[in-house]
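Novice: Sharing a structure with you now.
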Amino acid sequence: MFDLATNAGGLAVIGLDSEGFVRFWSDSAHRMFGWAAAEMLGKPLAFALDSGLQTSIPTQCGEQIVVDIRVLNWNEAPGQAPGSLYVLRDVTLQRKEQAAARAARRFRELLEAAPDAILEIDREGQIVLANAIAGQMFGYSRTELVGLSVDHLLPEATRGRHKQHRDHYDAHPSTRPMGSGLKLEAVRRDGRPFPVEISLSPVDSEDGQRVIAILRDISDRRASEEKLLKIRDAFARELALKNDELQKRNREIEKADRLKSEFLASMSHELRTPLHTIIGFSELLGEQLQGALNDKQKRFVDHILRDSLHLLDLINDILDLSKIESGRLELLRETFDAGGPIEEVLASMRPRAALKSIELTYGPGERIQLFADRVRFKEILLNLLSNALKFTPDGGGVHVEAVVEDSGSCRFTVSDTGIGIPREEHEAIFDKFYQAGSTTRGIREGTGLGLAITRHLVEEHGGRVWVESEPGKGSHFSFTMPANESVLVARGADSQGESENWPAS
Ligand code: ADP
């Protein structure tokens, strides 16, 4: 029995006494675990042995082996307490093979479950392996596919060149998409072509180098791309059409605008000529040099004169605005001292201020040299000042200030102690024909064009105009004229006016 145990090929035999000490250690146990009988006899085992189980046991060199264990009762010598004889079979290799087989099965399952067709192709272009999807995709059974030349899956036109492509790939094998940038097509058994995406990978097999081709049917994607393209094209066409229409409309509007401006300009001119006649003759009548008028006649003539002057204002404003809006206003820029025109405007306004007992003051008036249109600069000031006088009750004050700001631009401000403007109207008053609601109730002698013109003139000069005001607290209208450092003569001290009496707002 011992001889048999000693020589049993793949089986190691280990005998333990009732205490668990090694009493028998076969040569095959030596081979299996690495320890010789001499090392083991009389010693306890370093590892546990259970019957029937496949256990992983470390060998002398640290490797793990898997063994299948059988146990027999064993009496080393008669009369002794019974020990155990363990018969161990090394199943490590078997286990590894099982694992490999399982992995191979899993891998096959994976190939089958893949959404893409997978083909293995040999050097001659023959299909040697195909997954189920490949069959479905091309309309063949799997067995029909295997052994078929891959050429059958290509459109006729490309078959001729395919061998060259294959040879080229064999010479430069790498994992890559096929025909990148090209629209690839494959053909079903029934001859119907469909778009595909193909990637290639070289594989080494026992039978030489092969190619794995993974094919994806992209019919759906291609269809939605084409749909998208169509939508985009339709959209682009519609957009182009709309653009054309818009451009045409714009040209029409521009033309209409130009015609309007031209019409206004010529009409204004035509209106002003007879108006000057009316004004001139009513002035003459009013002077009564050609004979006395009775009170009623005098009043009538005054009405004619006042309304004619108002009409002239309106016409002048409209003419100005139409010139500005049609871009025909040309600024005649020159370098001048701002103090001169300010004083001139103030002088022309003093009689009106005096009529309402409004105190008209100026200061600090820094010496500022402007490079601007002198006439237009005066017009801006005149507009702001006449508004200030118009909307300030008797006995109030109107003040003009000219300063050079830290930024280098010149700021001119016309302040009044008048009725003020609600915040929500601060922007709108600069629009054409806009008159602030609260103010127009009492005072209707305007055109609503003054501030619109003013803003155009200021902006034409590169400046800006704005108002700070509250109802009942007066208004501050300011505008800037950008001044070049070189045209700035002096800053600070030499103000030309007095401002001590000016009421704080
Ligand atoms: P208008 O000919 O009516 O004065 P403007 O364009 O010059 O036209 O002004 C528009 C409106 O802005 C005026 O009708 C008035 O309601 C308001 N406004 C302008 N300046 C002042 C001011 N200094 N105080 C109060 N309201 C003002």
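Novice: What number comes out for the charge environment of residue 128, summing +1 per Lys or Arg and -1 per Asp or Glu over other residues with Cβ under 11 Å away?
Specialist: Here the charged neighbours net out to -2.
Novice: Please check the chain for the longest run free of trypsin sites (Lys or Arg not before Pro) that are loop-located per DSSP (anything but H, G, I, E, B) and have at most 10 other Cβ atoms within 10 Å.
Specialist: Counting at most 10 other Cβ atoms within 10 Å as exposed, the longest clean stretch of the chain is 184-440.
Novice: Among the lysines, which have Cα under 24 Å from the Cα of residue 298 when same-chain residues fewer than 8 positions away are ignored?
Specialist: Those lysines meeting the cut-off are 356.
Novice: For the chain, what is the calculated [θ] at 222 nm in deg cm²/dmol (nearest 500), taking -39500 (n - 2.57) for each run of four or more DSSP H residues and dividing by its residue count?
Specialist: -14000 deg cm²/dmol
Novice: Over the chain, what is the relative contact order in percent, taking alpha-carbon pairs closer than 8 angstrom and at least six residues apart?
Specialist: The value is 8 percent.
Novice: What distance in nm separates the two pseudo spin-label positions at residue 296 and residue 106, each 7 Å out from Cα along the beta-carbon direction?
Specialist: 12.0 nm
Novice: Mind putting a number on the dipole of the stretch 319-458 about its Cα centre? Charges go on the C-beta only, +1 for Lys and Arg and -1 for Asp and Glu, and I need it in Debye to the nearest 20.
Specialist: Using only the charged Cβ atoms, the result is roughly 400 debye.
Novice: For residue 183 and residue 143, what is the calculated FRET efficiency with R₀ set at 25 Å and r taken between the beta-carbons, to the nearest 0.05?
Specialist: Between residue 183 and residue 143 the formula returns 0.20.
Novice: So if each residue of separation counts as 0.36 nm, and I subtract the Cα-Cα distance between residue 347 and residue 54, what length gain in nm does that give?
Specialist: Contour length minus the Cα-Cα distance gives 93.5 nm.
Novice: Sticking with this structure for a sec: Do any chymotrypsin sites (Phe, Trp or Tyr not before Pro) in the stretch 25-111 lie in a DSSP loop with no more than 12 other beta carbon atoms within 10 Å, and if so, which?
Specialist: For chymotrypsin sites (Phe, Trp or Tyr not before Pro) across the stretch 25-111 that sit outside H, G, I, E and B with at most 12 neighbouring Cβ atoms in 10 Å, the list reads 47.
Novice: Here's a follow-up. Please give the FRET efficiency for residue 313 paired with residue 473, using the beta carbon to beta carbon distance and R0 = 25 Å, rounded to the nearest 0.05.
Specialist: 0.30
Novice: Report the label-to-label distance for residue 272 and residue 80 in nanometres (one decimal), using points 7 Å from each Cα along the Cα→Cβ vector.
Specialist: 14.1 nm
Novice: If you filter the stretch 105-151 for GluC sites (Glu not before Pro), then keep DSSP loop positions with at most 14 other Cβ within 10 Å, what is left?
Specialist: Passing sites in the stretch 105-151 are 124.
Novice: Ok, one more. What number comes out for the charge environment of residue 197, summing +1 per Lys or Arg and -1 per Asp or Glu over other residues with Cβ under 14 Å away?
Specialist: Residues near residue 197 contribute 0 overall.
Novice: Please give me the summed charge of the neighbours of residue 460: other residues whose Cβ is under 9 Å from its Cβ, Lys and Arg +1, Asp and Glu -1.
Specialist: It works out to a net charge of -1.
Novice: Under the classification rounded if a/c is under 1.5, otherwise prolate if a/b is larger than b/c and oblate if not, where does the chain fall, given a ≥ b ≥ c as square roots of the Cα gyration tensor eigenvalues?
Specialist: prolate
The numbers here are math on the coordinates, done by the rules we state, and not lab data. The structure presented is a predicted model; accordingly, all values stated were derived computationally and were not measured. Positions of Cβ are backbone-derived with ideal geometry, glycine not excepted, and every protein chain shown enters the neighbour counts.
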